[in-house]
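Shown next, in structure tokens, is the structure this report addresses.
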Amino acid sequence: MRKLLWGVAVVLTLMLTVPHFMPTGSGAYKLAVTTAHQSPRFKEMLGEPITEAWFSAGKEEFGNPATAEMLIPVQGRMRRGNLRVRAVKDGGRWRLTELKLELAQPDEQIDLLPTTSI
């Protein structure tokens with residue numbers, strides 16, 4: 001009986017943690033979170049310290065090119081929101097094509113991708 005309970009505990013633990021670590025281990029996830037934290041607007045709108053929630057939603061498709069779409073819940077001292085992420089893997093490196101902070105209160109979307117000057 002004890003082994004059965006340990007087995008159930010291990011399975012439940014894996015079911016709760018593996019979905020979190022799969023997207024958070026992705027290069028696209030890491031690039032999105034790092035880029036967002038470098039944005040003064042991101043910090044201003046949420047209030048530091050800012051943390052990412054345990055569970056994020058999304059998908060990563062492997063192909064030529066590989067693509068990723070994610071929704072990463074974030075929370076700061078003042079507000080909560082979601083990072084909406086789209087990325088493409090070019091030449092072995094992830095490149096963000098969309099990075100927006102979506103706030104519920106007020107209902108607002110803020111583009112966090114740095115603009116490149118030509």
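The values are calculated or read from the model by the stated rules, or taken from the named source; none is laboratory data. Please read all numbers here as calculations on a predicted model, not as lab measurements. Cβ: placed from backbone, ideal geometry, glycine included. Neighbour counts: every protein chain shown. Heads up: the accessible areas ignore ligands, DNA and RNA and are worked out on the full protein's heavy atoms, side chains in. Shrake-Rupley method; radii C 1.70, N 1.55, O 1.52, S 1.80 Å.
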Inset, instruction - Lys and Arg at +1, Asp and Glu at -1: add these up for the other residues within a Cβ distance under 10 Å of Pro65 and post the number. - result: 0
Inset, instruction - Could you look at segment 39-86 and say what percent of its accessible area is carbon and sulfur, using a 1.4 Å probe and all protein chains? - result: 50 percent
Legend entry - HN-Hα J in Hz across segment 42-50 - Karplus 6.51, -1.76, 1.60, θ = phi - 60°, x for Gly and Pro: 4, 5, 5, 6, 9, x, 7, x, 10
Legend entry - Förster-model FRET efficiency, 35 Å R0, Leu113 and Lys3, C-beta, rounded to 0.05: 0.10
Legend entry - Simple spin-label estimate for Ala104 and Phe55 in nanometres, 7 Å along Cα-Cβ: 1.4 nm
Legend entry - Spin-label model distance (nm) - Glu69 vs Arg86, 7 Å beyond Cα toward Cβ: 0.8 nm
Legend entry - Spatially proximal lysines relative to Lys30 (Cα-Cα < 25 Å; intrachain offsets below 8 disregarded): Lys43, Lys59, Lys89, Lys100
Inset, instruction - Can you send over the solvent-accessible area of Glu60, 1.4 Å probe, protein chains only, in Å² to the nearest 10? - result: 70 Å²
